[in-house]
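Sharing a structure here in structure tokens format.
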Amino acid sequence: MCLSFAKPYSRGFMLKKYRIEKEKIEETPGEEGNILVYIQPDEAEKKYLTEKLNIDEHTLNSSLDPDELSRLEFEPEHIAIIYKRPQNYTDKEQLLFKVASAGIFIFGDKLVLVLSEDIQVFDAKTFSRVNSFQMIALKLISRSILHYLEHLRIINLISDELEKKINQSMENKYLINLFSLEKSLVYYLNALNANSVLIEKLKNSASKIGLNQEQMEFLDDMTIENNQCSRQAEIYSNIIASLMDARASIVGNNLNILMKRLNIITIAIMVPTFVVSAFSMNVYFPLRDNPHAFYIIISLALSSVLGFFIFWKKNKWY
């Protein structure tokens, strides 16, 4: 099982510049690019985006707010798209997968992407055959759907491992981990549903956005993939939720079995102790003058243990 961990945040990666070269996206460090990626912009960069590019301040802040819903807005000089994407997993999350918001701002001569964390934005496989800002925006949303699917597969694998451990465990930590996964799936379901509404708005506003036939077909494929991802997340969520009570009962049952075994062991020890103690009292007893008294007493003690286990098996105390 492999999880991708978030990279440490670095101030040196606040702004990345890209451009389209031969239908591929290439980074242009130190050069002018028409694809600008702002990662957790500081106040000076926010001021540039709001005052120079006329991006609405509330919309800009929505790009960094994980609680914002996906939406599509048309401004006089640009198109604003807020969509939901899975947040990079870190070991501090303790199996809690979260979602983040991202903002895409399409201008006539540039595209601005605002993110809350440093991630690999444009991978060569997904972002091939791109020739417009509109196609880049669609592929960014499509890449988030694939990211959700990757996380769902990981969540399913973790759930299976936790189920095996719960069947043998008497601790609550595995149930807590399972609850975190269930909570993560709720986050993912809400995000996928919000993205579904966004995709429908993109389809309804295709002519206003300037989507061609190829991009419309790609948008239809996105709709199918997002719906499949949403159904998969819903199935996983229902399975985990429906089995939470049963798995909690398993933990309690395992504890009861352990206590039963400890009680049986305690009784098994007490029975021979009683026999030996009875013959060690400071009073006259029948075997007092018998030279084999010690061996007789030990035999009686062992016989009492054997008799107890026979009685235990007969009554099926296991």
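With respect to the numbered conditions (1) assigned to a loop (DSSP other than H, G, I, E, B); (2) closer than 25 Å to E200 by Cβ, which one is the sole condition not fulfilled by T59?
Against the list (1) assigned to a loop (DSSP other than H, G, I, E, B); (2) closer than 25 Å to E200 by Cβ, T59 comes up short only on (1).
Could you pull out the residue among Q134, Q168 that is in the same structural domain as K84 (by TED's automatic domain parsing) and modelled with pLDDT of 85 or more?
One residue alone meets the criteria, Q134.
Being in contact with an Asp or Glu (Cβ under 8 Å, 6 or more places away or on another chain) and in the same structural domain as D42 (by TED's automatic domain parsing) is the requirement here; does I145 meet it?
Spelling it out, I145 is indeed in contact with an Asp or Glu (Cβ under 8 Å, 6 or more places away or on another chain) and in the same structural domain as D42 (by TED's automatic domain parsing).
In the list T90, T50, T59, which residue meets the criterion of being over 22 Å from L198 (Cβ atoms), modelled with pLDDT of 90 or more and not charged (D, E, K, R)?
T50
Examine segment 216-234 for a residue that is among the aliphatic types (A, V, I, L, M), within 14 Å of the chain's Cα centre (by Cα), under 16 Å from V99 (Cβ atoms) and buried (at least 21 other Cβ atoms within 10 Å of the Cβ), and state whether such a residue exists.
Yes, segment 216-234 contains at least one residue that is among the aliphatic types (A, V, I, L, M), within 14 Å of the chain's Cα centre (by Cα), under 16 Å from V99 (Cβ atoms) and buried (at least 21 other Cβ atoms within 10 Å of the Cβ).
A follow-up question, please. Surrounded by 11 or more Cβ atoms within 10 Å (Cβ to Cβ), part of a helix (DSSP H, G or I) and at pLDDT 70 or above: does that describe L302?
yes
Which residue pairs have Cβ atoms closer than 8 Å, lie 6 or more positions apart in sequence or on different chains, and pair a first residue in segment 11-32 that is modelled with pLDDT under 85 and loosely packed, with under 15 Cβ neighbours inside 10 Å with a second residue that is among the basic types (K, R) and part of a loop (DSSP other than H, G, I, E, B)?
Once the first residue is modelled with pLDDT under 85 and loosely packed, with under 15 Cβ neighbours inside 10 Å and sits in segment 11-32, its partners that are among the basic types (K, R) and part of a loop (DSSP other than H, G, I, E, B) give E23/R129.
Would you please name the residue that is surrounded by the most Cβ atoms within 10 Å (Cβ to Cβ), looking only at residues in segment 61-78 that are touching a helix residue (DSSP H, G or I) at 6+ places or on another chain (Cβ under 6 Å) and in contact (Cβ under 8 Å) with a residue 60 or more places away in the chain?
S70
Continuing with the same structure: Could you give every pair whose Cβ atoms fall below 8 Å, whose first residue belongs to segment 258-269 and is under 15 Å from F311 (Cα atoms) and touching a residue at least 12 places away in the same chain (Cβ under 8 Å), and whose second residue is β-branched (V, I, T) and assigned to a helix (DSSP H, G or I), counting only separations of at least 6 or pairs across chains?
Cβ pairs passing all conditions: A268/V305.
Among Q232, Q215, which is the only one that is modelled with pLDDT under 95, assigned to a helix (DSSP H, G or I) and within 19 Å of K84 (Cα to Cα)?
Among Q232, Q215, only Q232 is modelled with pLDDT under 95, assigned to a helix (DSSP H, G or I) and within 19 Å of K84 (Cα to Cα).
So I141 clears everything in (1) touching a Ser or Thr at 6+ places or on another chain (Cβ under 8 Å); (2) under 20 Å from Q228 (Cβ atoms) except one condition, right? Which one?
Every condition holds for I141 apart from (1).
Please find, within segment 79-107, the residue that is surrounded by the fewest Cβ atoms within 10 Å (Cβ to Cβ) out of those that are within 17 Å of L185 (Cα to Cα) and of a type in the set (F, W, Y).
Residue satisfying both the conditions and the ranking: Y89.
The values are calculated or read from the model by the stated rules, or taken from the named source; none is laboratory data. All of these numbers come straight from a predicted model, not from anything done at the bench. When we count neighbours, we look across all protein chains shown, and the Cβ atoms used for this are built from the backbone with ideal geometry, even at glycine.
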